[in-house]
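Undergrad: Below is one structure. I have some questions about it.
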């Protein structure tokens, strides 16, 4: 079986990012977002809806789980401009997931930013930790960034060399 | 000449009653249209004639007393809340089992509450029990709550406190608002603040900003490569979970 590379490879210089393409490429951010939660408060006057308790927001392949999630709407179009998630936040796409303390889905900028610490895992067994993750919903890139010396550190499963 | 006329006259004579018939037709040509007009007018004007607008606090349009049950048709109960804003319950039929009864059984009810900014919240229900003292309405048999700025909640039953302008669903609700469609296990509407609290499991569908999507081939515009730091949430950079930002005011 493929033995993951035991030694922690040296983290790249701080601030550098390891970018990994994924199925969120050209994600259609205009599709409706279906949100489930234990409870919610629709505050029409403040143009926001606050969801609480095992919140799961799904938009096509993109899935955002959190303890608490606020959808902020534009006053004139009644459409959600920004979704802020807090507490045990998990971003999932078809084959990968990242876990963090908070995340912001900026619909217009087509970008999900997650704050740390961020831990990332992938089916292949790769694991990464970073201070921040930016998922670009156009290019589909998951960009991990380290804010200080700890930077981005990871462990990658390397398949056995062919005999 | 005579022989020629003879057959005509004969016909004429035989049809002696023709002139009467002609007269009948002439009269009918006048009477029938008039009759039609009269019937048409009656049909149109009847509801207007029948509608009598009763407008005092407790209108008793038609009092049908059976032993001492009071049955009011077209009842209307109105009042004002502390700030003087009007609320009103209209009923197709209202029953009070005794004149002193303080609760009225209502069939076919419509309630309306005026909000501070003169928007309004409405209740439509098949039937309900209305407490005259505290103006609380227990509506059931299919209830629809609405606000004039686009919120609609459908449920089986609900308790509505008219002066306080709140409504609590008895069970599951489905509905929609400007911000999206939802279903939940229970709901509490605070019409004055335009807040709808949903509990017991919520599913909601919201529509994100319909940003015009560049054709797939386009390169992401350069400014997209800007540092995402500006993306930090409204509060400090990485809020620990307990330091939930106060701006949304929830505990």
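Undergrad: Which semi-axis lengths, in whole Å and largest first, follow from the square roots of five times the eigenvalues of the Cα gyration tensor of the range B:108-149?
TA: 19, 14, 6
Undergrad: Using Cα pairs closer than 8 Å and at least 6 residues apart in sequence, work out the relative contact order for the range B:100-139, in percent. Don't skip to the end; give the middle numbers.
TA: Numbers: 62 pairs, mean separation 16.3, N = 40.
In percent, rounded to a whole number, it is 41.
Undergrad: Moving to a separate point now. To the nearest 0.05, what FRET efficiency results for residue A:155 and residue B:152 with a Förster distance of 60 Å applied to their C-beta separation?
TA: 0.70
Undergrad: Over the range B:134-197, what number does the Rg to Rh ratio reach, with both radii from the alpha-carbon atoms and Rh per Kirkwood? Mind dumping the intermediate values first?
TA: Details: Rg = 10.8 Å, Rh = 11.5 Å.
Rg/Rh: 0.93.
Undergrad: Evaluate the distance, in nm, between pseudo-label points positioned 7 Å from the Cα of residue B:205 and of residue A:78 along their respective Cα→Cβ axes.
TA: 1.5 nm
Undergrad: Moving on to the next point. Does anything in the range B:156-198 have its amide N under 14 Å from the 7 Å Cα→Cβ label point of residue B:129, and if so which residues?
TA: Within reach of a label on residue B:129: B:158-160.
Undergrad: Mind checking the mean number of beta-carbon atoms from other chains within 10 Å of the Cβ atoms in A:43-52? Present the calculation step by step, with values, prior to reporting the outcome.
TA: Values: counts 10, 11, 6, 6, 2, 3, 9, 5, 3, 3.
Mean partner shielding for this stretch: 6.
Undergrad: Another one. With no solvent and one equal point scatterer placed on each C-alpha of the range B:70-206, evaluate the Debye formula and give log10 I(q)/I(0) for q = 0.09 Å⁻¹, two decimals.
TA: -0.25
Undergrad: Residue separation times 0.36 nm, minus the C-alpha to C-alpha distance between residue A:28 and residue A:54: what's the value? Please list the in-between numbers first.
TA: Working: separation 26, 0.36 × 26 = 9.36 nm, distance 2.47 nm.
Working it through step by step, the gained length comes to 6.9 nm.
Undergrad: Moving on to the next point. Give me the Kirkwood hydrodynamic radius of the range A:48-95 in Å, from all C-alpha pairs, to one decimal place? If you can, show how the numbers build up before the last one.
TA: On the way: mean 1/r = 0.0892 Å⁻¹.
Result for the range A:48-95 stands at 11.2 Å.
Undergrad: Now a separate question. Please give the average number of partner chain Cβ atoms lying within 10 Å of the Cβ of each residue in A:28-34, rounded to a whole number. Each step should come with its number before you reach the end.
TA: Details: counts 2, 5, 7, 2, 7, 6, 5.
Shielding by partners across A:28-34 averages 5.
Undergrad: Which whole number gives the average count of other chain Cβ atoms within 10 Å of the Cβ atoms across peptide A:88-95? Write down the numbers at each step before the final one.
TA: Values: counts 1, 1, 0, 0, 0, 0, 0, 0.
For this peptide, the per-residue mean of nearby foreign Cβ atoms is 0.
Undergrad: Kindly rank A:52-58, B:33-39 from highest to lowest mean number of other beta carbons found within 10 Å of each residue.
TA: On the way: A:52-58: 18.4, B:33-39: 10.0.
Ranked from most to least packed, the peptides come out as A:52-58, B:33-39.
Undergrad: What is the fewest-to-most order of B:82, B:23, A:96 by other Cβ atoms lying within 10 Å of their Cβ? Kindly include the intermediate steps, with their values, before the conclusion.
TA: Numbers: B:82 7, B:23 10, A:96 19.
Final ranking by Cβ density, sparse to dense: B:82, B:23, A:96.
Undergrad: Residue B:98 to residue B:27: extension gain in nm, 0.36 nm per residue of separation minus the Cα-Cα distance? Display every interim value, and only then the final one.
TA: Working: separation 71, 0.36 × 71 = 25.56 nm, distance 5.99 nm.
Stretched out fully, the residue B:98 to residue B:27 stretch lengthens by 19.6 nm.
Bear in mind that the values in this text are calculations on the coordinates, not laboratory data. Values in this document were obtained by computation on a predicted structure and should not be read as measured data. When we count neighbours, we look across all protein chains shown, and the Cβ atoms used for this are built from the backbone with ideal geometry, even at glycine.
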